[in-house]
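So the structure is just underneath, and the comments pick up after that.
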Amino acid sequence: MKTSLTLEMEETLYAYCREKGEAVVEEVGMPDDLGIVDTLSLKIKPDQQFEWRCFELKVTKADFHSSAKLSFIGHYNYFVLPDFLYPKVASEIPDEIGVLLYYSYLDPENHSAPGYLVSEKKARYQDLQVAEP
């Protein structure tokens, strides 16, 4: 069962991706036993090439250290973390993995999402780890 914080972060991430013109889906099973991506987005670039982004949402330090497989198989890969968690795990995040920090709005009813995301660390490009469809 997902926590209310996880649901808020998911809703905010979907809005964030859609605002950037990306298609977004959640909990996508990858082939070849590569795990499940929490959130996967697709951007079609002007040259008609696909750009895939994978997002792993973590809400606690225990969640961050869980045995669940991290499916960082996209061109760009990110952790999405609440702002208070990042200082506790920052030193454990690989250099190539980006970080988006979640902040909740004090008055979410006046916004289209319950919070907003801030890029704390940019992801580095990597080759796609699966065959494109």
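The values are calculated or read from the model by the stated rules, or taken from the named source; none is laboratory data. Quantities reported herein were computed from a predicted structural model and do not represent experimental measurements. Virtual Cβ from ideal backbone geometry, glycine too; neighbours counted across all protein chains shown. Ligands, DNA and RNA are excluded from the accessible area calculation, which covers all protein heavy atoms including side chains. Shrake-Rupley method; radii C 1.70, N 1.55, O 1.52, S 1.80 Å.
Out of SER66, SER71, report the one residue that is open to solvent by less than 10 Å² (accessible area, probe 1.4 Å), assigned to a loop (DSSP other than H, G, I, E, B) and of a type in the set (Gly, Ala, Ser).
SER71
Among the residues that make up the range 90-99, is at least one of them in contact with a strand residue (DSSP E or B) (Cβ under 8 Å, 6 or more places away or on another chain), over 24 Å from GLU19 (Cβ atoms) and part of a loop (DSSP other than H, G, I, E, B)?
Yes, some residue in the range 90-99 is in contact with a strand residue (DSSP E or B) (Cβ under 8 Å, 6 or more places away or on another chain), over 24 Å from GLU19 (Cβ atoms) and part of a loop (DSSP other than H, G, I, E, B).
Identify the residue in the range 105-133 that is among the charged types (D, E, K, R) and modelled with pLDDT under 90 and, among all such residues, is farthest from GLU19 (Cα to Cα).
By that ranking, first place goes to GLU132.
Give the number of residues within the range 31-61 that are assigned to a strand (DSSP E or B) and open to solvent by 60 Å² or more (accessible area, probe 1.4 Å).
The total comes to 4.
Among the residues of the range 80-114, which ones are in contact (Cβ under 8 Å) with a residue 24 or more places away in the chain, within 18 Å of ASP127 (Cα to Cα) and not charged (D, E, K, R)?
Those that are in contact (Cβ under 8 Å) with a residue 24 or more places away in the chain, within 18 Å of ASP127 (Cα to Cα) and not charged (D, E, K, R): ILE97, GLY98.
Given (1) in contact with a strand residue (DSSP E or B) (Cβ under 6 Å, 6 or more places away or on another chain); (2) surrounded by fewer than 21 Cβ atoms within 10 Å (Cβ to Cβ); (3) more than 24 Å from GLN129 (Cα to Cα); (4) among the β-branched types (Val, Ile, Thr), identify the lone condition not met by VAL28.
(3)
Within the range 1-45, track down each residue that is closer than 14 Å to LEU100 by Cβ and in contact with a Cys (Cβ under 9 Å, 6 or more places away or on another chain).
Passing the criteria: VAL24, ASP38, THR39, SER41.
If I go through the range 113-133 residue by residue, how many of them are small (Gly, Ala, Ser) and either part of a strand (DSSP E or B) or open to solvent by 20 Å² or more (accessible area, probe 1.4 Å) (or both)?
Residues that pass the stated criteria total 3.
Do you know which residues across the range 100-112 are in a strand (DSSP E or B) and either of a type in the set (S, T, N, Q) or over 17 Å from GLU8 (Cα atoms) (or both)?
Listed by number, the list holds a single entry, SER104.
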